[in-house]
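The values are calculated or read from the model by the stated rules, or taken from the named source; none is laboratory data. As the structure is a prediction and not an experimental result, all values here were calculated from the model. Glycine gets a Cβ as well: all are built from the backbone with ideal geometry, and neighbour counts include every protein chain shown.
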Amino acid sequence: MNALTESILIVGGGIAFAACGALLARTSFLRKEFSKHHEVAGYLLSIVGTLYSVLLGLIVVDVQSKFDQARMMAETEANCCSTIANFSRGFPPEVRTTILVPLKSYYTTVQTEDWEAIASGAQIEGSIPDYQHLWRAIARYDPNGNREISCYNHELDTMKSLSDARRYRMFARKRALSEVVWTVLIVGAILTITFTYMFWVESKTLQLVLTVFVALFISLNLLLVRLFENPYRQELGIKQSAFSFKANVFSGGKENMSTQEESQTENTLEKSDPVLK
């Protein structure tokens with residue numbers, strides 16, 4: 001479901017439940033039955049409301065932290081791709097070509113396929129072969145001279161950072177909130193809203209408005225939890241902020257490669273080293 005549909009279901013459903021419940025309570029009980037329980041109900045509502053607000057606040061902070069971490073890792077992965085391309089300029093042209101071909105293909109696949117896959121919860125990503133080719137292209141090279149050795153060491157460090165960021169992206173989507181947590185959040189929301197029915201306000205309209213405000217506040221927080229539970233949703237814009245530049249910046253032989261040269265290099269990589277399982 002997209003964000004609009006979930007917003008309507010969560011926020012609209014919460015408001016509808018609160019309003020219908022308040023009207024039903026006013027028509028089912030007399031005013032004097034509410035008035036004599038106001039004092040006890042007030043204490044209980046303060047306890048229930050405080051406990052639930054603390055729980056909900058902690059969950060919101062947790063999913064927000066997850067989103068911030070995912071955004072940082074996505075930016076790291078994209079920046080590492082650019083850094084690897086820059087350090088490869090310190091290698092001979094033929095070595096640079098074997099690095100830039102899988103790097104360009106990796107970036108393109110991540111940008112066009114992987115983000116949609118992880119947003120929908122897919123377990124397999126299309127960039128795996130290019131990622132493995134890139135590692136092998138770097139690992140098999142034996143640098144010569146201080147300049148190449150320095151570039152190669154930086155290349156390995158950057159590749160490690162890219163691997164860490166990519167691994168986080170692959171597994172972060174799977175670490176969603178458990179069904180137990182969602183059950184507690186939903187039951188807590190229902191109980192908190194139900195407790196507001198224990199009070200009588202002279203104006204029916206005013207009581208409905210106050211009850212709807214409580215339900216709206218709780219529903220909006222639940223919506224935040226639902227949306228940020230998956231930080232890679234298209235609506236949250238991590239892809240747009242991280243993988244924003246075009247993949248042709250990775251093109252290069254001496255400086256640029258033709259499509260035919262890219263294809264020949266990819267075929268060479270496939271024949272020389274099969275994809276790891």
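Structure values in brief
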{"read-out": "Those residues of the range 156-208 which are surrounded by fewer than 18 Cβ atoms within 10 Å (Cβ to Cβ) and among the charged types (D, E, K, R), in sequence order", "value": "Asp157, Lys160, Asp164, Arg167, Lys174, Arg175, Glu179, Glu202, Lys204"}
{"read-out": "Candidate set from the range 186-242 (those that are outside any helix (DSSP H, G or I) and more than 30 Å from the chain's Cα centre (by Cα)); member that is nearest to Ala117 (Cα to Cα)", "value": "Phe199"}
{"read-out": "Filtered residues of the range 153-199 (kept if β-branched (Val, Ile, Thr) and either under 18 Å from Val61 (Cα atoms) or without any contact (Cβ under 8 Å) to a residue 12 or more places away in the chain (or both))", "value": "Val180, Val181, Thr183, Val184, Ile186, Val187"}
{"read-out": "Every pair of residues 6+ apart whose Cβ atoms lie under 7 Å, when the first sits in the range 56-76 and is among the basic types (Lys, Arg) while the second is in a helix (DSSP H, G or I) and surrounded by fewer than 18 Cβ atoms within 10 Å (Cβ to Cβ)", "value": "Arg71/Ser241"}
{"read-out": "Any hit, the range 26-47, residues being touching a helix residue (DSSP H, G or I) at 6+ places or on another chain (Cβ under 9 Å) and at pLDDT 85 or above", "value": "no"}
{"read-out": "Residue identified as closer than 30 Å to Gly49 by Cα and modelled with pLDDT of 90 or more among Leu206, Leu216, Leu227, Leu236", "value": "Leu216"}
{"read-out": "Residue match in the range 251-258 (condition: at pLDDT below 80, assigned to a helix (DSSP H, G or I) and under 30 Å from Leu100 (Cβ atoms))", "value": "no"}
